[in-house]
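Input: a single structure, listed below in structure tokens.
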Amino acid sequence: MQSGVKTLSAGGGASLCCLLLLWLIYSHLLREGQLAVGTCEIVMLNRDSSVPRRTIARQTARCACRRGQIAGTTRARPACVEARIVRSRQWCEMAPCLEGEVCSLLFNRSGWTCTRGSGRIKTVTPLPKEPS
């Protein structure tokens, strides 16, 4: 009788170990491809340098933002920012320019410019979000 109990408990332990291993693999696969909350990644970047001295860059980012936040730009990188900044188009409040650059709103608030002391200017105009 005791040998039967030992066999049963050994088999149960092995089964439990297998189930735990399967659960770990499943949860890892489920998380793969998901972003951590509060982070963003660039999923597409296109550059067009066909016009001399001018580069047009288009990028698409994917973000997993917290409640009250939306995809935006901080220090020239995609980031989660307060939704009110985007809704009110006060773009410079999200600190979109690199260190040493000065942010200015475009006259119609359709975007912003980042200007360096050397005179180099980057103009950014966000595209409206496409309906899902």
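What is the number of the single condition among (1) more than 21 Å from residue 43 (Cα to Cα); (2) open to solvent by 90 Å² or more (accessible area, probe 1.4 Å); (3) modelled with pLDDT of 90 or more that residue 120 does not meet? Only one criterion is unmet by residue 120, namely (3). Yes or no: residue 55 β-branched (Val, Ile, Thr), at pLDDT 85 or above and closer than 25 Å to residue 108 by Cα? No.
With the structure loaded, tell me whether residue 15 is part of a helix (DSSP H, G or I), at pLDDT 60 or above and open to solvent by 50 Å² or more (accessible area, probe 1.4 Å) or whether it fails that test. Taking the combined requirement at face value, the residue satisfies it. If the condition is being over 18 Å from residue 44 (Cα atoms) and in a strand (DSSP E or B), then region 75-84 contributes 81, 82. When residue 42 is tested against (1) open to solvent by 50 Å² or more (accessible area, probe 1.4 Å); (2) part of a loop (DSSP other than H, G, I, E, B), just one condition goes unmet, and that condition is (2). Considering each residue of region 72-86 in turn, at least one proves to be open to solvent by 60 Å² or more (accessible area, probe 1.4 Å), of a type outside the set (Val, Ile, Thr) and touching a Cys at 6+ places or on another chain (Cβ under 9 Å). For the residues 25, 42, 70, the requirement of being in contact with a strand residue (DSSP E or B) (Cβ under 9 Å, 6 or more places away or on another chain) and modelled with pLDDT under 90 singles out 42. If you check 87, 47, 62, 53 for being without any contact (Cβ under 8 Å) to a residue 60 or more places away in the chain, basic (Lys, Arg) and either in contact with a Leu (Cβ under 6 Å, 6 or more places away or on another chain) or in a loop (DSSP other than H, G, I, E, B) (or both), only one passes: 53.
Report yes if some residue within region 109-131 is part of a helix (DSSP H, G or I) and free of Cβ contacts under 8 Å to residues at least 24 places away in the same chain; otherwise report no.
Initially, region 109-131 is screened for residues part of a helix (DSSP H, G or I), giving none.
Among the residues of region 109-131, not one is part of a helix (DSSP H, G or I) and free of Cβ contacts under 8 Å to residues at least 24 places away in the same chain, which makes the answer no.
Just for region 89-117: of the residues that are open to solvent by 50 Å² or more (accessible area, probe 1.4 Å) and acidic (Asp, Glu), which one is modelled with the highest pLDDT? The extreme case among them is 93.
The values are calculated or read from the model by the stated rules, or taken from the named source; none is laboratory data. Remember, predicted model here, so these are calculated numbers, not experimental data. Every residue, glycine as well, gets a Cβ built from its backbone with ideal geometry; the counts of neighbours run over all protein chains shown. All accessible areas refer to the heavy atoms of the entire protein, side chains included, with ligands and DNA or RNA removed. Shrake-Rupley method; radii C 1.70, N 1.55, O 1.52, S 1.80 Å.
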